[in-house]
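Trainee: Got a structure here, written out as structure tokens. Questions coming.
The values are calculated or read from the model by the stated rules, or taken from the named source; none is laboratory data. Just so we're clear, the structure is a prediction, and the values are computed from it rather than from any experiment. Positions of Cβ are backbone-derived with ideal geometry, glycine not excepted, and every protein chain shown enters the neighbour counts. Remember, those area values only see protein heavy atoms, side chains included, never the ligands or the DNA or RNA. Shrake-Rupley method; radii C 1.70, N 1.55, O 1.52, S 1.80 Å.
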Amino acid sequence: ENVTVTIKDQVILDNISFTSAPGTITALIGHNGAGKSTMMKTIIGWQEKKEGDIFIDALSQEDDFISFKQNLAYLPEEPFLLSELTVMQHFQLYGKSYQLTEGQLAERVSRYIKMFEIDDKLDEYPESLSKGMRQKVQTICALLPDVSLLIIDEPFMGLDVYALDYLQEIIVEKAKNGTTILITTHQLDRMQAFADNYIMLHQGSIVDQGDIADFDALQRRFE
């Protein structure tokens, strides 16, 4: 609600307001520098806002920060893994952070490592993995918890075709189970296949938003 972000007196996000309903997938669209990543980092709490309020359900980012953060998961564009932890230890860290039971963690890890084809990498450290493998590890970390809001920044970068299709399948599955998905990507054709809504950013402002069914007209404007 009415979120403004400034960096060194430059307005990066200008009076942003929108709502994403539970169980919907919203595509955040815009050219490089439009403010997409800044919006995501502001929702997460990595970027300080100058004005406005952000809520997940009834939880305020300002007043209920710990509970707020436990209700969101974030998949960044570039993997952010800890060099001193193995792949499995990353999964265990996320499991503890989101208070998953041992049974829940084991079942979900078993499923995801098989489908993303990294079941032979559990004891390896990030430095020994390719960028694509690191991206798969980061993706699984974000998918492990059941949260109200899943924020995904350029998820289709660095993944092979099989992993891309599986990730899309999981995103749709999570939305059907009630998770709100906010996703940014330049692959507009892929987003058209499964997103519900779009928000278009230009120079830090929302210039258009609506049903993804209006994608064709949107794409002409975007181009």
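Trainee: When the solvent-accessible surface of protein heavy atoms is calculated with a 1.4 angstrom probe, in what order do F116, F194, F80, F18 fall, highest first? Show your work: numbers first, answer last.
Mentor: On the way: F116 0, F194 20, F80 150, F18 60 Å².
The ordering from most to least exposed comes out as F80, F18, F194, F116.
Trainee: Per q in 0.15 Å⁻¹, report the Debye log10 I(q)/I(0) for segment 43-137, using one uniform scatterer on each alpha carbon and no solvent.
Mentor: So the normalised log intensities work out to -0.72.
Trainee: With the chain treated as a Gaussian network of Cα nodes joined by springs under 10 Å, which of K96, K36, K136 yields the largest mean-square fluctuation?
Mentor: K96
Trainee: Quick one: net charge of N2's neighbours, Cβ under 11 Å, K/R +1, D/E -1?
Mentor: Numbers: positive: K49, K50; negative: E1, D14, E51, D53.
Around N2, the surrounding residues sum to -2.
Trainee: Could you state the orientation-averaged shadow area of the convex hull built on the Cα atoms of segment 65-197, in nm² to one decimal?
Mentor: Average projection, Cα convex hull of segment 65-197: 8.0 nm².
Trainee: Hey, another quick one. Run the numbers for E51 and E117: contour at 0.36 nm per residue of separation, minus the present Cα-Cα distance, in nm. Could the numbers behind the result be given before it?
Mentor: Values: separation 66, 0.36 × 66 = 23.76 nm, distance 4.37 nm.
Additional length available on full extension: 19.4 nm.
Trainee: What is the percent of Cα-Cα separations in segment 1-58 that go past 19 Å?
Mentor: Working: 449 of 1653 pairs.
For segment 1-58, the share of Cα pairs beyond 19 Å comes to 27 percent.
Trainee: Express the accessible area of segment 1-94 per residue in Å², computed with a 1.4 Å probe while the remaining protein chains stay in the model.
Mentor: Numbers: 5110 Å² over 94 residues.
Value for segment 1-94: 54 Å² per residue.
Trainee: How far is helix 131-143 tilted off the main Cα axis of the chain, in degrees rounded to 10, range 0 to 90?
Mentor: The two axes meet at around 80 degrees.
Trainee: Still on this model: Accessible area of the chain with a 1.4 Å probe: how many percent of it is carbon plus sulfur?
Mentor: Details: 5250 of 11390 Å².
Heavy-atom surface of the chain belonging to carbon and sulfur, 1.4 Å probe: 46 percent.
Trainee: Among bridges DSSP assigns within the chain, what percent are antiparallel (round to 5)? If you can, show how the numbers build up before the last one.
Mentor: Numbers: 13 of 30 bridges.
The antiparallel fraction comes to roughly 45 percent.
Trainee: Hey, another quick one. Alpha carbon centre of segment 39-115 versus segment 140-183: separation in Å?
Mentor: Using only Cα atoms, the two centres lie 13 Å from each other.
Trainee: Amide H of I56: which non-local residues (sequence gap of 5 or more, or other chain) have their own amide H closer than 5 Å, using H built in the peptide plane?
Mentor: HN-HN under 5 Å from I56: Q61.
Trainee: Given the convex hull over the Cα atoms of the chain, what projected area results after averaging over all orientations, in nm²? Write down the numbers at each step before the final one.
Mentor: Working: hull surface 49.5 nm².
If I average the Cα hull's projected area over directions, I get 12.4 nm².
Trainee: Further, regarding this structure: With r defined as the distance between the Cβ atoms of Y125 and E173 and R0 fixed at 25 Å, what FRET efficiency is calculated, to the nearest 0.05?
Mentor: Working: r = 30 Å, r/R0 = 1.21.
With a Förster radius of 25 Å, E is 0.25.
Trainee: Moving to a separate point now. Rounded to the nearest angstrom and ordered from largest down, what semi-axes does the equivalent ellipsoid of segment 123-223 get from its C-alpha gyration tensor (root of 5λ)?
Mentor: Values: eigenvalues 147, 51, 33 Å².
Taking √(5λ) for each Cα gyration eigenvalue gives 27, 16, 13 Å.
Trainee: So if I restrict to the alpha-carbon atoms in segment 121-172, what is the Rg, and what is Dmax, the biggest pairwise distance, in Å?
Mentor: 11.6, 33
Trainee: Could I have the simple spin-label model distance between F194 and A21, label points 7 Å from Cα toward Cβ, reported in nm to one decimal?
Mentor: Going from the F194 label point to the A21 one covers 2.1 nm.
Trainee: Same structure, new question: Within the chain, count lysine pairs with alpha carbon atoms under 15 angstrom apart where the residues are 8 or more positions apart or belong to different chains.
Mentor: Number of lysine pairs found: 10.
Trainee: Something else: Could you compute the net charge surrounding P126? Neighbours are other residues with a C-beta less than 14 Å from the C-beta of P126; K and R count +1, D and E count -1.
Mentor: Working: positive: K121, K131, R134, K136; negative: E78, E84, D123, E124, E127.
Result for the neighbourhood of P126: -1.
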